[in-house]
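Just below is one structure, and these are the notes that go with it.
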Amino acid sequence: MKEPQIIVIGNGMVGYKFCEKLRSKTKSFKIIVFGEEPRRAYDRVHLSEYFNGKTADDLSLSTENWYQEQDITLFLNNPVTQIDREHRKVYTANGADYSYDILVFATGSGAFVPNIPGIEKDGVFVYRTIEDLDLISGYAKKAKTASVIGGGLLGLEAAKALIDLGIEKTSIIEFAPRLMPRQIDAAGSDMLKSKLADLGLHIHLNKNTTSIEGDGRITALKFSDDTVIDVDMLVISAGIKPRDELAKACGVEVGARGGIIVNEKMQTSDPAIYAIGECALYDGMIYGLIAPGYEMAEVLATNLCQGDKAFTGFDMSTKLKLIGIDVASFGDNFITEPDCRTIIFENKHKGVYKRINVSNDGQYLLGGILIGDATAYNLLLQTSNNRIVLPENPEELILGARGGSEPAGGAGITGLPDSALICSCEGVTKGDICAAVADGSCENIDDLKKCTKAGTGCGGCLPMVKDLMTYTLKSQGKYIKNVICEHFNYSRQELFDLIHIHELKSYDEVLDALGKNDGCEVCKPLVSSLLASLWNEMILKKGNDVAQDSNDRFLANIQKGGSYSVVPRVPGGEITPDKLIVIGEVAKKYNLYTKITGGQRIDMFGAHLNDLPIIWEELIAAGFESGHAYGKGLRTVKSCVGSTWCRFGLHDSVSFAIRIEERYRGIRAPHKFKSAVSGCIRECAEAQSKDFGIIATEKGWNLYVCGNGGSKPQHALLLATDLDSETCIQYIDRFLMFYIRTADPLTRTATWLNKMEGGIDYLRNVIINDSLGMAAQWENEIENLIASYKCEWKEAVENPAIRKRFSHFVNAPEDKDPTIEFVEMRGQKRTAEWKTL
Amino acid sequence: MKEQSNWLAACRVEDAIENGGVCVKHGEEQIALFYFTRRNEWYATQNECPHKKQMALSRGMIGSTTDEPKVACPFHKKTFSLSTGECLSGDECAIKTYPVKIENGTVYIGTTPKS
């Protein structure tokens, strides 16, 4: 008997997934796919990433040979134009015809374009395909202002894309009184609106566009309230329209407002024809998300292979990140009193809005909305979907338990049943994930993704997948080890102790004794940092020089273009007029750009590699030394002017800052660390934002630890109060050595503390009460480091072998790199832009 | 491999940096020369990192992944195979590689790229 032939119309995400699922079950059909677009199926969910560097190839769902390997015939750029149901044939754009036994519509949807006068003008786009994106990015080059019609999920994605394309002013026009009207309520919309406004987006709600103005090319939008907005381009994202025109033309039943009507087997009014994805209308509803589309593909593929599965609707819960803002809705998100009880948490200061709807008996979670912080989403969704009985205080689900330090997430996953659907895109349950980990086939997230496909769709479930993996590994008693790289099967802490015990002094010795192969850019700087923390020898000693990170290698910071910047130490930020003059003279002589840093010193930019040694020599002669701005070690100890001048000052903060900076200068650590001393509680030195900070009190000093600025600012926590200067320094000594010995690579003190079991209470016990019995050893170790301090710049310029390396060309030592370019700006030089886009 | 007729005398063996790189001037061009002492191998590549067009590869750290010798650009740690020039960080860009030979203590670089 001849193999039955299946024709799939449409090569989008759902069409592709159907082929994949069918082929994983059987080889026995002949499959032909017709696509209208010129490329293989791609990830439309992450389409906007096309604008931040992903290529069409990155977005592609399959490899070039996939269809061939699966014995599937794929026609691209060749849409089906007509269907003859009587003879079971399709005709394509290039005139050929093909017979089918089974026909599958996976035609998806197109952009819904409202009938506004002027819609045909140049500069008006839809946001649907890679081709649309190419047109938009081409036009955006000459546009300064843009609007998006549609404040739904896709409209906000489109607005983000316009910001990424460098449009100066982007506005969103929404007909409804709120943003994302299908997902969030009015209060959630208000919160989202104010967060989007902070990012420079202009939001207009309740706006009905009546015409698009302009002579051939769009120049403005007119609204029913007679207002006008000038725009250079417009992207329409006002919803989707199922692609049912072919079905309609051949007499297959479609819905009044579009969509090919299907039953629970995805079958249309013609028993030989099926429809899946966004073109299918089930029970009066179009399912415009990827997960239900994949479920439809699964249902059809199963039934074609004599299985029995039905599509009975789908959970439309979603979580996404819009321009960095979490937005999520789940379950019955809009249900209100008296049908439920709602619990609402709103924090306008942080831009967080959370609403959960609880059944009237307080037993079950019905649904909810999260804006600004959706970390609880997966757990809430599971609690709602699996009808897990709520705890006594359900508000803790969105507020976190107060008082206890146990995070809500960790305990939550253990309570889920094995049938809980974790990845709804690929239909993977908690049981599937735990089983794949438990049988030993997956020990990391990449394996797990390959083996179960969990997290390969929208990716929203990945944090929970990781938690489940860790939980399963731990419950099997497996030790989860943080190894450095393929060359060292140790954690940083283990390596620290091993190097210490074996008294290893160079990278090669460490690699020979404890590692394997040739090393790499991960383990080299890490080992170099450990060697420096342990022995404090010159870091550019032969052999160790090539194992240093870029900046340590040349004792300066490499900048855009390949020049370096030079920062001499200015302890406590105190500097004499004579020294200021020297910095000015050196900068002038070597044509350097100067800028005051955030750490109360002066940075000189634009030095050629060849000039570094002579610049340092001149600085050293005037009494300066290296400021270690390039190293993972102490940067600056900032200070306010203190009691010597300030009428509020309680103690001499400058003197104490200088003492501390000179004590810890040059000490290498897992990451950079900073400090500050304030002379009174007004805190002008901002000590509470530092790795360790000191604030004067009436009785002495308060010591704060583990704060930082940077991408994730965190305030330092109070470790001890009213200390005398000696005790304060003793505690800092212990604190630093504990950090240096135990932190993971490139971990600041704040993150180190966040990961520490027991938190600040534990740390206080170790530092103040010496609960580990290590204090004396640490104090001894840090005294050795302090005693062996030498200025690295001085050692480098005085050692001919090291100094020789400060030239750009080995065969022309006098020549500087001719490709370094500077341009003028505000009377100084600056580096030329990257030569790439 | 293309036939090599032009050999540039780059430097003495003792001027090269053990397990590291130096930059060699060749007219307007810059070539990075690596002495991978640990493997007793020599490699030469273009000095420019194609990612942001920076003359920097000779200042990068070298190492290996499985057995593939590689260099990491000091700017953004993109890594490239020293033997084939292929980018190992998943990008499309590749770098030119050149043959190297040692005669009487002098390092010669063949100035017609291998790839």
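The values are calculated or read from the model by the stated rules, or taken from the named source; none is laboratory data. This is a predicted model, so every value here is computed, not measured. Reconstructed Cβ throughout: ideal geometry from the backbone, glycine too, with neighbour counts over all protein chains shown. Surface accessibility is based on the protein's heavy atoms, side chains included, excluding ligands, DNA and RNA. Shrake-Rupley method; radii C 1.70, N 1.55, O 1.52, S 1.80 Å.
Do you know which of the residues in the stretch A:151-206 that are polar (S, T, N, Q) and not in a strand (DSSP E or B) is nearest to A:I371 (Cα to Cα)? Looking at residues that are polar (S, T, N, Q) and not in a strand (DSSP E or B), I get A:S189. Per the listing A:K141, A:K207, the residue uniquely open to solvent by 40 Å² or more (accessible area, probe 1.4 Å) and among the basic types (K, R) is A:K141. When the helices (runs of 4 or more DSSP H) confined to the stretch A:701-776 are screened for residues that are under 26 Å from A:H651 (Cβ atoms), those reaching at least 3 such residues are found at A:725-742, A:759-768.
Within the stretch A:562-570, does at least one residue satisfy the condition of being closer than 25 Å to A:V677 by Cβ, aliphatic (A, V, I, L, M) and more than 13 Å from chain B (Cβ to nearest Cβ)? Yes: one or more hits.
Would you confirm whether any residue within the stretch A:301-317 is open to solvent by less than 10 Å² (accessible area, probe 1.4 Å), of a type in the set (G, A, S), over 24 Å from A:L381 (Cα atoms) and touching a residue at least 60 places away in the same chain (Cβ under 8 Å)?
Pass one, the stretch A:301-317, residues open to solvent by less than 10 Å² (accessible area, probe 1.4 Å): A:301, A:311.
Still in the running and of a type in the set (G, A, S): A:301.
Adding the requirement that they be over 24 Å from A:L381 (Cα atoms) leaves A:301.
Filter once more, so that each one left must be touching a residue at least 60 places away in the same chain (Cβ under 8 Å): A:301.
Checked against the condition, which is being open to solvent by less than 10 Å² (accessible area, probe 1.4 Å), of a type in the set (G, A, S), over 24 Å from A:L381 (Cα atoms) and touching a residue at least 60 places away in the same chain (Cβ under 8 Å), the stretch A:301-317 yields at least one hit.
Here A:E443 does not qualify as of a type in the set (D, E), part of a loop (DSSP other than H, G, I, E, B) and open to solvent by less than 40 Å² (accessible area, probe 1.4 Å).
Residue-wise test of (1) closer than 21 Å to A:A556 by Cα; (2) open to solvent by 60 Å² or more (accessible area, probe 1.4 Å); (3) at the interface with chain A (Cβ under 10 Å from one of its Cβ atoms).
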residue: B:M55; (1), (2), (3): yes, no, yes
residue: B:R59; (1), (2), (3): yes, no, yes
residue: B:G63; (1), (2), (3): no, no, yes
residue: B:D67; (1), (2), (3): no, yes, yes
residue: B:K70; (1), (2), (3): no, no, yes
residue: B:F75; (1), (2), (3): yes, no, yes
residue: B:T79; (1), (2), (3): no, no, yes
residue: B:C87; (1), (2), (3): no, no, no
residue: B:E92; (1), (2), (3): no, yes, yes
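Failed condition for A:I558, given (1) more than 14 Å from chain B (Cβ to nearest Cβ); (2) crowded, with 18+ Cβ neighbours inside 10 Å, with all others met? Single failed check for A:I558: (1). Suppose we filter the stretch A:210-239 for residues that are under 35 Å from the mean Cα position of the chain (by Cα) and open to solvent by 60 Å² or more (accessible area, probe 1.4 Å); how many remain? Residues flagged as under 35 Å from the mean Cα position of the chain (by Cα) and open to solvent by 60 Å² or more (accessible area, probe 1.4 Å) within the stretch A:210-239 amount to 1.
So which of A:E3, A:E20, A:E86 ends up being open to solvent by 30 Å² or more (accessible area, probe 1.4 Å), assigned to a loop (DSSP other than H, G, I, E, B) and modelled with pLDDT of 90 or more? Give the derivation first.
Numbers: A:E3 fails: modelled with pLDDT of 90 or more; A:E20 fails: assigned to a loop (DSSP other than H, G, I, E, B).
Exactly one of A:E3, A:E20, A:E86 is open to solvent by 30 Å² or more (accessible area, probe 1.4 Å), assigned to a loop (DSSP other than H, G, I, E, B) and modelled with pLDDT of 90 or more, namely A:E86.
In summary, A:G759 fulfils each of the numbered conditions (1) modelled with pLDDT of 90 or more; (2) open to solvent by less than 40 Å² (accessible area, probe 1.4 Å) with the single exception of condition (1).
For the stretch A:240-293, give me each residue that is part of a helix (DSSP H, G or I) and out of contact with any Asp or Glu (no Cβ under 7 Å at 6 or more places or on another chain). So that I can check it myself, show each step before the final result.
Pass one, the stretch A:240-293, residues part of a helix (DSSP H, G or I): A:245-249, A:277-279, A:290-293.
Once the filter is applied, which keeps residues that are part of a helix (DSSP H, G or I) and out of contact with any Asp or Glu (no Cβ under 7 Å at 6 or more places or on another chain), the stretch A:240-293 yields A:E245, A:L246, A:A247, A:K248, A:A249, A:G277, A:E278, A:I290, A:A291, A:P292.
Looking at the stretch A:99-111, is at least one residue farther than 15 Å from A:I9 by Cα, outside any strand (DSSP E or B) and open to solvent by 50 Å² or more (accessible area, probe 1.4 Å)? Within the stretch A:99-111, not a single residue is farther than 15 Å from A:I9 by Cα, outside any strand (DSSP E or B) and open to solvent by 50 Å² or more (accessible area, probe 1.4 Å). Among the residues making up the stretch B:1-53, those that are part of a strand (DSSP E or B), within 11 Å of chain A (Cβ to nearest Cβ) and either open to solvent by 30 Å² or more (accessible area, probe 1.4 Å) or among the basic types (K, R) (or both) are B:L8, B:A9, B:R12, B:E18, B:K25, B:H26, B:E29, B:Y35, B:E41, B:E48.
Quick check on A:N799: is it polar (S, T, N, Q), surrounded by 14 or more Cβ atoms within 10 Å (Cβ to Cβ), within 14 Å of chain B (Cβ to nearest Cβ) and at negative phi? Reasoning before the result, please.
Details: polar (S, T, N, Q): yes; surrounded by 14 or more Cβ atoms within 10 Å (Cβ to Cβ): yes; within 14 Å of chain B (Cβ to nearest Cβ): no; at negative phi: yes.
Answer is no for this residue.
Quick test for you: out of B:H26, B:H76, pick the one residue that is closer than 27 Å to A:W834 by Cα and in contact (Cβ under 8 Å) with a residue 60 or more places away in the chain. Explain how you work it out, then say what you get.
Numbers: B:H76 fails: in contact (Cβ under 8 Å) with a residue 60 or more places away in the chain.
It is B:H26.
Answer yes or no: is there a residue in the stretch A:32-50 that is among the charged types (D, E, K, R), farther than 19 Å from A:T73 by Cβ and assigned to a loop (DSSP other than H, G, I, E, B). Looking through the stretch A:32-50, at least one residue is among the charged types (D, E, K, R), farther than 19 Å from A:T73 by Cβ and assigned to a loop (DSSP other than H, G, I, E, B).
Checked against the criterion of being within 26 Å of A:E443 (Cα to Cα) and within 14 Å of chain B (Cβ to nearest Cβ), the candidates A:K474, A:K542, A:K516, A:K466 yield just one match: A:K516.
Residues that are of a type in the set (S, T, N, Q) and under 18 Å from A:A750 (Cβ atoms) within the stretch A:672-701 comprise A:S675, A:Q688, A:S689, listed in sequence order. The set of residues in the stretch A:599-639 that are of a type in the set (G, A, S) and in a loop (DSSP other than H, G, I, E, B) comprises A:G599, A:A622, A:G623, A:G627, A:A629, A:G631.
Given the stretch A:448-529, what helices (runs of 4 or more DSSP H) lie entirely inside it while holding 1 or more residues that are modelled with pLDDT under 90 and open to solvent by 10 Å² or more (accessible area, probe 1.4 Å)? Spell out the reasoning first.
Values: elements: A:462-475, A:492-502, A:507-514.
By residue number, A:462-475, A:492-502.
Only residues that are surrounded by 24 or more Cβ atoms within 10 Å (Cβ to Cβ) and closer than 21 Å to A:V124 by Cβ: list them for the stretch A:175-202, please. Answer for the stretch A:175-202, where residues must be surrounded by 24 or more Cβ atoms within 10 Å (Cβ to Cβ) and closer than 21 Å to A:V124 by Cβ: there is none.
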